[in-house]
Amino acid sequence: LSLKFADGNFWAIDEVFFSKAYRKLNCEGRVVFDIGAFGGESAIYFVARGAKHVYALEPYPYSYNIALEIIVSNGFGDKITLINAGIAGTTGELKVDPQFQRTSSSKLREFSSGIRIPLVTLNDLFTEYDSKDAVVKMDCESAERDALLLSEPSVLKRPREYIVEYHLGRDDLVAKFEESEFKVKML
């Protein structure tokens, strides 16, 4: 594999490939929704572990372009669909600076000038792409809260499994997953 060490992404490479933060996610032969793709590291990791296909969301154009370069240079363009969009609780748009060089901890935010990127909900994603028996990885720096909490249990139940990095507390997220008939395990 060939990865690009862009500003701030060594932590992401370490987290995915060396610390193996997503090793417990059973992705072999399944569709993976990679929400918060950053530089494409996790999408490539899932394909290397046997994912059938990865739909990877990255809202920031700078990171999106790095991810696209890495995906194409590794020959995974047929296995990874990279989507320049952000996850949210409601569908909409957000203005972002295309030159903004996010770090692995940059939250999704509006800029005073820039280009508009779409905001999509989990329902939008799971309706457009096959989510039956899929798995979901969410590392999207607080955007997971509204995306999960504002989704109906019937939407959350479409994929089989989630691994979520959470921010600002977990009790309400745990309750939402339990309401959606998931067993929750803290890693």
Looking only at residues that are assigned to a loop (DSSP other than H, G, I, E, B) and of a type in the set (S, T, Y) in segment 107-142, which one is most open to solvent (accessible area, probe 1.4 Å)? S112
List pairs: first in segment 165-187 and under 19 Å from P153 (Cβ atoms) and surrounded by 10 or more Cβ atoms within 10 Å (Cβ to Cβ), second of a type in the set (D, E, K, R) and at pLDDT 95 or above, Cβ under 7 Å, 6+ apart or cross-chain? S180/K157; V184/E178
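Looking at V72, V16, V47, V32, which is the one that is β-branched (V, I, T) and open to solvent by 50 Å² or more (accessible area, probe 1.4 Å)?
Details: V16 fails: open to solvent by 50 Å² or more (accessible area, probe 1.4 Å); V47 fails: open to solvent by 50 Å² or more (accessible area, probe 1.4 Å); V32 fails: open to solvent by 50 Å² or more (accessible area, probe 1.4 Å).
The conditions single out V72.
Scan V155, V96 and give me the residue that is surrounded by 18 or more Cβ atoms within 10 Å (Cβ to Cβ), over 14 Å from the mean Cα position of the chain (by Cα) and at pLDDT below 95. Step through it out loud before you land on a result.
On the way: V155 fails: at pLDDT below 95.
Sole residue among the options that is surrounded by 18 or more Cβ atoms within 10 Å (Cβ to Cβ), over 14 Å from the mean Cα position of the chain (by Cα) and at pLDDT below 95: V96.
The values are calculated or read from the model by the stated rules, or taken from the named source; none is laboratory data. Note that the structure is predicted; figures quoted are calculated from it, not measured. We place every Cβ from the backbone using ideal geometry, glycine too, and count neighbours over all the protein chains shown. The protein model used for the area step is the full one, side chains on, heavy atoms only, and it has no ligands, DNA or RNA in it. Shrake-Rupley method; radii C 1.70, N 1.55, O 1.52, S 1.80 Å.
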